[in-house]
Amino acid sequence: MTDAFPYASRMSGMRASEIRELLKLLDRPEVISFAGGIPDPALFPAEAARAAYAEALADPKAALQYGVSEGYGPLREWIAAQMTRDGVPAAPENILVTAGSQQGLDFLAKALLSPGDTVLSEYPTYLGALQAFRAYEPRYDRLRFDGGNRTPASYLGRAARAGGAVKALYLVPDFANPTGLSLGLQARRAALALAEELGAVVVEDAAYRALRFSGAALPSLQALDAEARGGLDASRVVCLGSFSKTVAPGMRVGWVCGPRALIARLTLINQASALHVSTINQIAMFKIVEQGISPLVAAARPHYRRKRDALLDALERYAPALARTAPEGGLFSWVTLPEGTDAAALLERSLVEVGVAFVPGAAFHPDGSGADTLRLSYSLPTTERIEEGIWRLAKVI
Ligand SMILES: Cc1ncc(COP(=O)(O)O)c(C=O)c1O
């Protein structure tokens, strides 16, 4: 296929992943997939959604009309109250409703990044964030909490030599995609202190925060920072929230919570981009969560905990030598293969020989490292299929 359009330079960083072709094989019913990190549709509140959309459409003049770019008022209020319950004293003016938290990542990158600026993240990190940021042509630098010898001056020096500034630390502190790991309190404080020294924004991606199934919750980065600075409007943390993992991803409703001044800027970006998130989806989402989000979360937690347990039990039984993470929440475990194993080559064999899919780890590393790692998502297969899948996978490993 020839393609001779005069593309912008930002397109050179935007490539389809090489594993996409392989993942097309996922449609075969015999394949057991640990690949997609998507919520289990068994948990979707289908009845509540039907009722919510019907109720919203009872007032078509509101539900089918344009809305304001900030988001549907009652939903912003609900989100602000929810953030406040989670330790972040937020007002509706601190909230922008977005089309999933993914759109929040794009808007933030648009607001913060000039070409050549630096984003610090852990390696590995959420692939979708790397893709969203890449459109604004940044460079990445690796943030480590487990030692390493980087100093604030070294981050700043490398950023300056690349012709930009350190603009953002991107973190998924709770049950990260792809590792399933969470940052401890000390690491949270260290990240905030580093951001302060670098003069950078902390982008806290809280997509999985509600999905904890064991252990005690830690304060969010935004809660810690807002408390230290005497309020959210003085904070340098901006938090991305989502209803995708607690209600339903297809409605595409998420939010950005941050200082009012930043939210006002992001609202301008939204005005020039999508105008606003679908009015009817926002109203329906409000009607669903107004009934109480707790029962939805309360159903999701044991559901995913059972699947996590099935995955970890099967790994222990069939592949005890493999290093893997034991997440306290979320949808993923991260596996490190024997040294020298190439997870991309393993995927090809695994799909062809035993019909098991996963995501090779390199895609989650901005520098392409991590060839001997892979991500297993336990959200979709049943516990029986999880055991069967790990048994099959262990054979090819
Ligand atoms: C860490 C993380 N952030 C953000 C998103 C985007 O989710 P959404 O746009 O549906 O809120 C995802 C989706 O899987 C994710 O894993």
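The values are calculated or read from the model by the stated rules, or taken from the named source; none is laboratory data. Here the structure is a predicted model, which means the values were calculated and not measured. In this analysis, Cβ positions are derived from the backbone assuming ideal geometry, glycine residues included, and neighbour counts consider all displayed protein chains. Ligands, DNA and RNA are stripped out before the accessible areas are found, and what is left, the full protein with its side chains, is counted by its heavy atoms. Shrake-Rupley method; radii C 1.70, N 1.55, O 1.52, S 1.80 Å.
Where the accessible area of the chain is counted over protein heavy atoms with a 1.4 Å probe, how much of it, in %, is carbon and sulfur? Before the final figure, lay out each step's value.
Working: 9670 of 17630 Å².
Carbon with sulfur: 55 percent of the solvent-accessible area.
If I take every Cα pair under 8 Å that is 6 or more residues apart in the chain, average their sequence separation and divide by the length, what percent do I get for the relative contact order? Before the final figure, lay out the partial values.
On the way: 737 pairs, mean separation 97.7, N = 397.
Once divided by the residue count of the chain, the mean separation gives 25 percent.
So if a site counts as exposed when it's one of the chymotrypsin sites (Phe, Trp or Tyr not before Pro), its DSSP state isn't H, G, I, E or B, and it has at most 10 other Cβ atoms within 10 Å, what's the longest stretch of the chain without one?
Details: sites that count: 7, 66.
Longest site-free region, per DSSP loop and neighbour criteria: 67-397.
Could you work out the local net charge near residue 246, counting Lys and Arg as +1, Asp and Glu as -1, over the other residues with Cβ closer than 11 Å to its Cβ?
Working: positive: 209, 245, 301; negative: none.
That sum, taken over residues with Cβ under 11 Å, equals +3.
What Kirkwood Rh does the range 69-204 have if only Cα atoms enter the pairwise 1/r average? Answer in Å. Mind showing how you got there, number by number?
Working: mean 1/r = 0.0624 Å⁻¹.
One decimal place: 16.0 Å for the Kirkwood radius.
Using a Gaussian network model of the chain whose springs link C-alpha atoms within less than 10 Å, name the residue from 387, 77, 290 with the highest mean-square fluctuation.
Comparing 387, 77, 290 in the GNM, the peak value goes to 290.
Just from its helices, what would the mean residue ellipticity at 222 nm be for the chain, if runs of 4 or more DSSP H residues each count -39500 (n - 2.57) and the sum is divided by every residue, rounded to the nearest 500 deg cm²/dmol? List each step's numbers first, then the result.
Numbers: 14 runs with 159 residues, N = 397.
Taken over the chain, the calculation gives -12000 deg cm²/dmol.
In whole Hz, what ³J(HN,Hα) sequence does the range 310-316 give by Karplus (6.51, -1.76, 1.60; θ = phi - 60°), x for Gly and Pro?
Karplus-based 3J(HN,Hα) across the range 310-316 equals 4, 5, 5, 4, 5, 5, 5 Hz.
Just to be sure I understand the model, the point goes 7 Å from the Cα along the line to the Cβ. What's the resulting residue 313 to residue 193 distance in nm?
4.3
Quick one: 3J(HN,Hα) in Hz for the range 213-219, Karplus 6.51/-1.76/1.60 with θ = phi - 60°, rounded, Gly and Pro as x.
10, 8, x, 9, 5, 9, x
Which value, in Å², gives the accessible area per residue of the chain when a 1.4 Å probe is used on the protein heavy atoms? Working shown, then result.
On the way: 17630 Å² over 397 residues.
Accessible surface, normalised per residue, equals 44 Å².
For the range 143-233, which trypsin sites (Lys or Arg not before Pro) are both in a DSSP coil and crowded by at most 16 other Cβ atoms within 10 Å?
On the way: sites: 144, 150, 158, 161, 167, 188, 189, 209, 212, 229; in loops: 144, 150, 209.
Those satisfying the criteria are 144, 150.
Is the shape of the range 248-397 best called rounded, prolate or oblate, per the rule: a/c under 1.5 gives rounded, else a/b larger than b/c gives prolate, else oblate, with a ≥ b ≥ c the square roots of the Cα gyration tensor eigenvalues? List each step's numbers first, then the result.
Details: a/c = 2.72, a/b = 1.74, b/c = 1.56.
It is prolate, given that a/c is not under 1.5 and a/b is the larger ratio.
Which one, 184, 215, 157, has the greatest fluctuation when you compute a Gaussian network model over the chain with C-alpha springs under 10 angstrom?
Answer for the Gaussian network model of the chain: 215.
Work out, in µm²/s and without decimals, the Stokes-Einstein translational diffusion coefficient of the range 1-151 at 10 °C, 1.306 mPa s, Rh from Kirkwood over C-alpha pairs. Don't jump to the answer; show the numbers that get you there.
Numbers: Rh = 20.1 Å.
For these conditions, the coefficient is 79 µm²/s.
List the relative contact order of the range 294-397 as a percent without decimals, with contacts defined as Cα pairs under 8 Å and 6+ residues apart.
Details: 140 pairs, mean separation 33.8, N = 104.
Averaging sequence separation for qualifying contacts and normalising by length gives 33 percent for the range 294-397.
Only Cα pairs within less than 10 Å get springs; with that Gaussian network setup on the chain, which residue of 327, 249, 152 has the largest fluctuation?
Of 327, 249, 152, the Gaussian network model singles out 152 as fluctuating most.
Quote the relative contact order of the range 4-108 in percent (integer), defining contacts as alpha-carbon pairs under 8 Å separated by 6+ residues. Intermediate results must be reported in sequence, preceding the final value.
On the way: 35 pairs, mean separation 14.7, N = 105.
So the answer I get is 14 percent.
So which of 61/110; 24/307; 167/245; 24/245; 24/61 end up more than 30 Å apart by C-alpha? Could you put the intermediate results ahead of the total?
Details: 61/110 33 Å; 24/307 24 Å; 167/245 28 Å; 24/245 24 Å; 24/61 42 Å.
Where the Cα-Cα span goes over 30 Å, the pairs concerned are 61/110; 24/61.
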